[in-house]
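Engineer: Right, I'll just put the structure down here and ask away after.
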Amino acid sequence: MEALHQLIDKISQYNFLTNILPGAVLIMTLKYFVGYNFIIDGNWFLTGVMFYFAGVVCNRFSSLLIKPMLEALHIVRPLPYKDYIAGEKKDTKILTLNIDNNAYRAYIAVFAISFLAYLYRHLLCRMNFFIDYQWPIVIILLMLLFIFSYRKQTKYIKDRIEANSGEDTLK
């Protein structure tokens, strides 16, 4: 029990709001509305891992697909990353607002993924190909999601280094 308390103490607000909570909502939505059960009965640790992993999938799905879609539809307007870095240094409230913003986007992903899972489940009933290959398809889709997430995160790191080194050269 002490290990669980230490783990909970180390979970950041960001991880809780953008990964664990949306992951739990996704797992519950998939169970009660779509019919996929990822809850491991009697094992809260593994269920917690599933909540976290589902939340990370939501977070990445929202970053790679939902955000660009909302930008293309002009629902949100992107800001250059250098401007975000500069603004974050001047106003610490921006970090909190960004956490909330990412949490909202994660919930959009929760419901988009739930809807896609619902469609997928109905496809399984109608097409034998999907029944025979459903798990390889899921594994390949998850692998692609994380490949593109890795590429995007690497770009953020590069942009952040360039934004900070550009600032140092201006001083």
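Engineer: Kindly provide the set of residues from the stretch 3-44 that are modelled with pLDDT of 90 or more and among the hydrophobic types (A, V, I, L, M, F, W, C), ordered by number.
Structural biologist: Within the stretch 3-44, Ile20, Leu21, Ala24, Val25, Leu26, Ile27, Met28, Leu30, Phe33, Val34, Phe38, Ile39 qualify.
Engineer: Taking the stated definitions as given, is Tyr104 aromatic (Phe, Trp, Tyr) and touching a residue at least 60 places away in the same chain (Cβ under 8 Å)?
Structural biologist: It is false that Tyr104 is aromatic (Phe, Trp, Tyr) and touching a residue at least 60 places away in the same chain (Cβ under 8 Å).
Engineer: Determine if the stretch 35-49 includes at least one residue that is within 19 Å of the chain's Cα centre (by Cα), among the polar types (S, T, N, Q) and open to solvent by less than 70 Å² (accessible area, probe 1.4 Å).
Structural biologist: yes
Engineer: Determine which single condition Glu88 fails, assuming it passes every other condition in (1) in contact with a helix residue (DSSP H, G or I) (Cβ under 7 Å, 6 or more places away or on another chain); (2) over 30 Å from Ile161 (Cα atoms).
Structural biologist: (2)
Engineer: Tally the residues that are within 17 Å of the chain's Cα centre (by Cα), open to solvent by less than 40 Å² (accessible area, probe 1.4 Å) and not small (Gly, Ala, Ser), restricting the search to the stretch 21-34.
Structural biologist: Of the residues in the stretch 21-34, 5 are within 17 Å of the chain's Cα centre (by Cα), open to solvent by less than 40 Å² (accessible area, probe 1.4 Å) and not small (Gly, Ala, Ser).
Engineer: Consider Phe53 carefully, then state whether it is in contact with a helix residue (DSSP H, G or I) (Cβ under 9 Å, 6 or more places away or on another chain), within 26 Å of Leu141 (Cβ to Cβ), at pLDDT 95 or above and not aliphatic (A, V, I, L, M).
Structural biologist: yes
The values are calculated or read from the model by the stated rules, or taken from the named source; none is laboratory data. In this text, all values refer to a predicted model and were calculated from it rather than measured experimentally. Here Cβ is always computed from backbone atoms with ideal geometry, including for glycine, and neighbour counts include all displayed protein chains. The protein model used for the area step is the full one, side chains on, heavy atoms only, and it has no ligands, DNA or RNA in it. Shrake-Rupley method; radii C 1.70, N 1.55, O 1.52, S 1.80 Å.
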